[in-house]
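For reference, the structure is listed below as structure tokens.
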Amino acid sequence: MDQHNFSSLSEFVLLGFPNVGHIRGWLFVLLLLAYLFTIGGNMLIFLVIRLDAALHKPMYHFVSVLSFLELWYTATTIPKMLANLLSEKKTISFGGCLLQTYFFHSLGASECYLLTAMAYDRYLAICRPLHYPSVMTTTLCAKMAAGCWTCGFLCPISEVILVSQLPFCNYNEIPHIFCDFPPLLSLACKDTSTNVLVDFAVNAFIILITFLFIMTSYGRIIGAVMKIKTAAGRRKAFSTCASHLVVVIIFFGSIIFMYVRLKKSYSLTLDRTLAVVYSVLTPLANPIIYSLRNKELIQAIKRTIFKKEEKASPTH
């Protein structure tokens, strides 16, 4: 057995965004602004839904859970990206790299399951409206959300264990913007076909099964909406699903291409671009998509803000 195991390689170097040169400062500012907007937007949506009684409905419960998840999802990668843009030493410990990979995939898997739960909620609301109140109860919502988190955090354990047992050679530069399974496997100095196969099986199960379930739900939703006689009725029914469907297309479109493939080699430029899409742009877009396309949520945000202003203003 090869004795050159990971104990002889204590840290990795994240190459991040190579060849950015003089625009590194601008890239840092853009990424920082995106992160601050993501944190602020998702925190606002989460708090407004929790504080406004008019939004205590299953659909908004799942939206608030998604916003809370995005806060942690971005926290696993973006702060380290920002630090690496300012630092010449872009190192991360082996343990830190594995932890970042684990939490990133755990939260990503949780999001897949949560988006599936949201699609099921919309399916019941539109296709089974008479049964919806009795089926989608507060207790069921809480159980579904807890199940999404639990399953998500269990999924990457086997992949992390397999990677932790790989022997790594002296070359420790990770050609990516954060730690992830594909670039880590490219640095191993032994055959990783088992790892690639396990990664493919786990990712294919999580991503393709959930995506298929979501698309099936929306297929039935579209069929039910098309049976509504009035155009206004069709618009009203589908408007409650449009935001969620946009998020699904953006998120799944990038991760399917990135993770459901049976090969170790990959295009570095393409993978970095896709990584920016699902790790930065999707969490950034979620508050915009859900707030701008939802009048009820916008009104709740206004009520919350104006209520706070009224409390803060002195009485005469």
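The values are calculated or read from the model by the stated rules, or taken from the named source; none is laboratory data. Since the structure is predicted, the reported quantities are computational estimates derived from the model, not experimental observations. So basically every Cβ, Gly included, is an ideal-geometry build from the backbone, and we count neighbours across all protein chains shown. What goes into the accessible areas is simple: the full protein's heavy atoms, side chains included, and nothing from ligands, DNA or RNA. Shrake-Rupley method; radii C 1.70, N 1.55, O 1.52, S 1.80 Å.
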_Residue-span extension gain [R235 to I256] - 0.36 nm each, minus C-alpha spacing_ = 4.6 nm
*Length gained when the stretch I305-I249 is fully extended (0.36 nm per residue, less Cα-Cα span)*: 17.0 nm
*Return, ordered by residue number, the residues of segment 54-95 whose backbone nitrogen is under 19 Å from a label point located 7 Å along Cα→Cβ of L33.*
78-79, 81-83, 85-86
*With respect to the cross-link table entries K89/K143; K80/K236; K227/K295, which display a Cα-Cα separation exceeding 32 Å?*
K89/K143; K80/K236
*Okay, helix-only estimate at 222 nm for the chain: each DSSP H run of n ≥ 4 adds -39500 (n - 2.57), divide by all residues, round to 500 deg cm²/dmol; what do you get?*
-23000 deg cm²/dmol
*asked:* Let's test the formula: R0 of 51 Å, r as the Cβ-Cβ distance of R24 and K57. What FRET efficiency results, to the nearest 0.05?
replied: 0.70
*R0 = 25 Å: FRET efficiency of T137 with T216, Cβ-based, nearest 0.05?*
0.60
*Based on the Cβ-Cβ distance from K295 to F200, what FRET efficiency comes out when R0 is 30 Å, to the nearest 0.05?*
0.10
*If you roll a 1.4 Å probe over segment 21-312 with all protein chains in place, what percent of the accessible area is carbon or sulfur?*
70 percent
*What percent does the relative contact order of segment 21-312 come to when contacts are Cα pairs within less than 8 Å and at least six residues apart?*
25 percent
_Test of understanding: in a Gaussian network model of the chain with alpha carbons linked when under 10 Å, which of N294, N195, N42 would top the mean-square fluctuation ranking?_
N294
*Can you tell me the order of 81-90, 152-161 when each peptide is scored by its average per-residue count of other Cβ atoms within 10 angstrom, highest first?*
152-161, 81-90
*asked:* How far apart, in nanometres, would the label points at V160 and S87 be if each is projected 7 angstrom from Cα along the Cα-to-Cβ direction?
replied: 2.1 nm
*Go through the chain and flag any cysteine with no other cysteine's C-beta closer than 4.7 Å, please.*
C112, C127, C141, C148, C151, C155, C241
